[in-house]
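Accompanying notes for the structure given below.
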Amino acid sequence: MKLVILAGGFGTRISEESHLIPKPMIEIGDKPILWHIMKYYSSFGFNEFIICAGYKQYIIKEYFSDYYLHMSDITFDFSNGTSKMTVHANSSEPWKVTIVDTGLNTMTGGRIKRVADYVGNEPFFMTYGDGVSDVDLNSLLHKHKESGKIATLTAIQPGGRFGMLEIGADAKIERFKEKSLEDGGWINGGFMVLQPEIFNYIIDDSTIFERDPLEALVKNGQLNAYKHHGFWQCMDTLRDKELLERLWNNDTAPWKKW
């Protein structure tokens, strides 16, 4: 099965770094978050990727163009007046990566529509290029097939960053508690499985996938939820990036399944 990754947005909420590179190319450790997502799917045996690029898309293309060199030990020998390259160790991935320029200002639905020919007439995974999780992809896929629906999205409870105050009638604070996941509602966490019929729900480049298409699927009873109670974290802000960096550097990253 193929994985479609939305990687074309401007990433304005983390502009400290995204003004230089696409948001999915911002590094966690010394690898782009896009690489982390791909490694995660690859750990389940899914190795074919379609990247919906847009903003500074050439940077993504150049990264994979040089990927073999990035991941190998190499000797460059110029001693005889010629250039000879010897590869000593190759730790590149068994990946097939298709990078599609889906436009600079195209909305999320439009980006998905633009890669329809690359997906073909088969179900596929779809996720966003700025979030990691430890969702069980095999279980997700099984639940999707079992549902018989056009689309299954992973539902997560992000909780909140702030503690909750219980205030009495006299304005006295009676209790303080940290907000738990259970206090928040379920939201779309990405990590979707989609049938090819999804393309019929997308009109053009102006279609925001999370609005009309998903709302139409709900109306038609074709949207299934896979509830994930484990780890999930998007990288919207510099604070989010720092959290993911700490987990990675401390070797406690829940998404590292390889």
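The values are calculated or read from the model by the stated rules, or taken from the named source; none is laboratory data. Keep in mind it's a predicted model, so treat the numbers as computed, not measured. FYI the Cβ positions are ideal-geometry reconstructions off the backbone, even for glycines, and counts take in every protein chain you see.
Scan region 68-81 and give yes if some residue there is within 12 Å of Ile5 (Cα to Cα) and either β-branched (Val, Ile, Thr) or at pLDDT 95 or above (or both), otherwise no.
Residues of region 68-81 within 12 Å of Ile5 (Cα to Cα): none.
Checked against the condition, which is being within 12 Å of Ile5 (Cα to Cα) and either β-branched (Val, Ile, Thr) or at pLDDT 95 or above (or both), region 68-81 yields no hits at all.
Just checking, which of Asp170, Asp204, Asp236 is assigned to a loop (DSSP other than H, G, I, E, B), modelled with pLDDT of 95 or more, of a type in the set (D, E, K, R) and at negative phi?
Values: Asp170 fails: modelled with pLDDT of 95 or more; Asp236 fails: modelled with pLDDT of 95 or more.
Matching residue, one of Asp170, Asp204, Asp236: Asp204.
Could you grab the pairs with beta carbons closer than 8 Å, sequence gap of 6+ or different chains, first residue in region 99-115 and at pLDDT 95 or above, second one of a type in the set (D, E, K, R) and surrounded by 19 or more Cβ atoms within 10 Å (Cβ to Cβ)? The qualifying pairs are Val100/Arg114; Thr102/Arg111; Thr102/Arg114; Gly103/Arg111; Gly103/Arg114; Thr106/Arg114. Restricting Leu223, Leu194 to those that are touching a residue at least 12 places away in the same chain (Cβ under 8 Å), over 20 Å from Ala7 (Cβ atoms) and under 20 Å from the mean Cα position of the chain (by Cα) reduces the list to Leu223. The residues of region 125-167 that are charged (D, E, K, R) and either modelled with pLDDT of 95 or more or within 25 Å of Arg111 (Cα to Cα) (or both), listed by number, are Asp130, Asp134, Asp136, Lys143, Lys145, Glu146, Lys149.
Apart from one condition, Val100 fits all of (1) more than 24 Å from Leu141 (Cα to Cα); (2) assigned to a loop (DSSP other than H, G, I, E, B); the exception is (2). As a summary of the residue check, Gly81 satisfies the conditions (1) part of a loop (DSSP other than H, G, I, E, B); (2) under 29 Å from Pro196 (Cβ atoms) except for the one numbered (2). A count restricted to region 215-233 and to residues that are in contact with an Asp or Glu (Cβ under 9 Å, 6 or more places away or on another chain) and part of a loop (DSSP other than H, G, I, E, B) stands at 4. The set of residues in region 79-112 that are loosely packed, with under 15 Cβ neighbours inside 10 Å, closer than 28 Å to Gly9 by Cβ and among the small types (Gly, Ala, Ser) contains only Ser92. Tell me, please, whether a residue that is of a type outside the set (Phe, Trp, Tyr), touching a strand residue (DSSP E or B) at 6+ places or on another chain (Cβ under 8 Å) and assigned to a helix (DSSP H, G or I) can be found in region 181-190. Yes, the conditions are met somewhere in region 181-190.
Is it fair to say Trp255 is under 15 Å from the mean Cα position of the chain (by Cα), surrounded by 15 or more Cβ atoms within 10 Å (Cβ to Cβ) and closer than 23 Å to Arg111 by Cβ? It is false that Trp255 is under 15 Å from the mean Cα position of the chain (by Cα), surrounded by 15 or more Cβ atoms within 10 Å (Cβ to Cβ) and closer than 23 Å to Arg111 by Cβ.
If I filter region 116-129 for residues that are of a type outside the set (Gly, Ala, Ser), part of a loop (DSSP other than H, G, I, E, B) and in contact with a Ser or Thr (Cβ under 6 Å, 6 or more places away or on another chain), do I get at least one hit? Steps first, please.
As a first pass, look at region 116-129 and keep what is of a type outside the set (Gly, Ala, Ser): 117-119, 121-128.
Then keep just the ones that are part of a loop (DSSP other than H, G, I, E, B); that gives 121-123.
Add one more test, that the residue is in contact with a Ser or Thr (Cβ under 6 Å, 6 or more places away or on another chain), and what stays is none.
Checked region 116-129: no residue is of a type outside the set (Gly, Ala, Ser), part of a loop (DSSP other than H, G, I, E, B) and in contact with a Ser or Thr (Cβ under 6 Å, 6 or more places away or on another chain).
If you go through region 25-56 and keep only what is in contact (Cβ under 8 Å) with a residue 40 or more places away in the chain, touching a Pro at 6+ places or on another chain (Cβ under 7 Å) and in a helix (DSSP H, G or I), you end up with Ile33, Leu34. The set of residues in region 1-22 being of a type in the set (D, E, K, R) and either at pLDDT 95 or above or outside any helix (DSSP H, G or I) (or both) consists of Lys2 alone.
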